[in-house]
Amino acid sequence: MMKIDIIGDIHGCFQEFIELTLRLGYRWEDGIPLHRENRILGFVGDLTDRGPNSLKVIEVVWELVIARNQAIYTPGNHCNKLYRYFLGNKVQVTHGLETTVAEYESLNKADRQSVRQKFIKLYEQAPLYAVIDDNKLIIAHAGIKQEFIGKHHHKVKEFVLYGDITGEKHPDRTPVRRDWAKHYQGPACIVYGHTPVKEPRMINNTYNIDTGAVFGGKLTALRYPEKELISVPSTMPYISEKFKSFT
Ligand SMILES: [Mn+2]
């Protein structure tokens, strides 16, 4: 039986990550959180950007996923952009990437090479979205709609990274996103992040657990199969306009 504690968008909030894992009963040994019972961690992506300790989050998630096989990681849109930056592609160093790049540039050459290689490996081995527990549980950064489950084409990639975007922009230039979860009718439980909400949003067997840790909200985990939500408060300044409310 798969027992997993899935954590929302961390965005470099390493202290909150430590506190949340302690609340979940993990013990930090050799610099990583491990559970004495048969539990592993899951990550909905967006490990980095805007927060104070993005590279530390990469190091720990790499160790758990790649070195120890003790976690499942699916990438977010910020992960995708950092991956392209590390490949040497031309990307705009904005929307929080500038904080991760500043951390990276402060390292010596060997440490830069190490974290870059680790993140590239972590990203390249990651599934676009994770289908676990006999198809009963799906982890996808921005969610997924029923007809895309099992598929991996371009539209699926766009959906799981950016959500159900229309291509239009709000007056504040943020992208218009459709409320796919409201219409979801599939049997699988879908756990995702991407859109910060003040409280975890549960609807139609979907769980948005991005409670905006980096915007001063909280960092949240969903325990599976218990479907219990556990949050720790953020140490970051609260920016209320970053949180979406659904009607
Ligand atoms: Mn995010």
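Just so it is clear, none of the values below were taken in a lab; they were calculated from the coordinates. Since the structure is predicted, the reported quantities are computational estimates derived from the model, not experimental observations. Note that we place each Cβ from the backbone using ideal geometry, even for glycine, and neighbour counts take in every protein chain shown.
For the reader, a short list of remarks on this structure follows.
- Vicinal HN-Hα couplings computed from phi for region 35-50 (Karplus, 6.51 cos²θ - 1.76 cosθ + 1.60; Hz; Gly/Pro x): 10, 6, 8, 8, 10, 10, 9, x, 10, 7, x, 6, 6, 10, 5, 6
- A compact globular protein would have a Cα radius of gyration near 2.2 N^0.38 Å; the ratio found for region 130-200 is 1.14.
- Cα-Cα over 25 Å, subset of 56/81; 3/244; 81/118; 3/155: 3/244; 3/155
- Taken about its Cα centre, region 67-189 carries a charge dipole of about 260 debye when Lys and Arg each add +1 at the Cβ and Asp and Glu each add -1 at the Cβ.
- Packing-based ranking, highest mean first, of 219-229, 7-17, 152-162, 28-38 given that Cβ atoms within 10 Å are counted: 7-17, 219-229, 152-162, 28-38
- Shown in residue order for region 51-68 are the 3J(HN,Hα) couplings computed by the Karplus curve 6.51 cos²θ - 1.76 cosθ + 1.60 at θ = phi - 60°: x, x, 9, 5, 5, 5, 5, 4, 4, 5, 5, 4, 4, 5, 7, 8, 7, 10 Hz (x for Gly and Pro).
- Cα principal axis extents for the chain, largest first, Å: 49, 47, 36
- Integer Hz, Karplus 6.51/-1.76/1.60 couplings in order for region 218-231, x for Gly and Pro: 8, 9, 10, 10, 10, 7, 10, x, 5, 6, 9, 9, 10, 10
- Amide proton proximity set for residue 72, modelled H, under 5 Å, gap of 5+: 41, 42, 43
- For region 98-113 and region 147-192, distance of Cα centres in Å: 32
- Value of [θ]222 nm, deg cm²/dmol, for the chain, DSSP H segments ≥ 4, -39500 (n - 2.57) each, nearest 500: -8000 deg cm²/dmol
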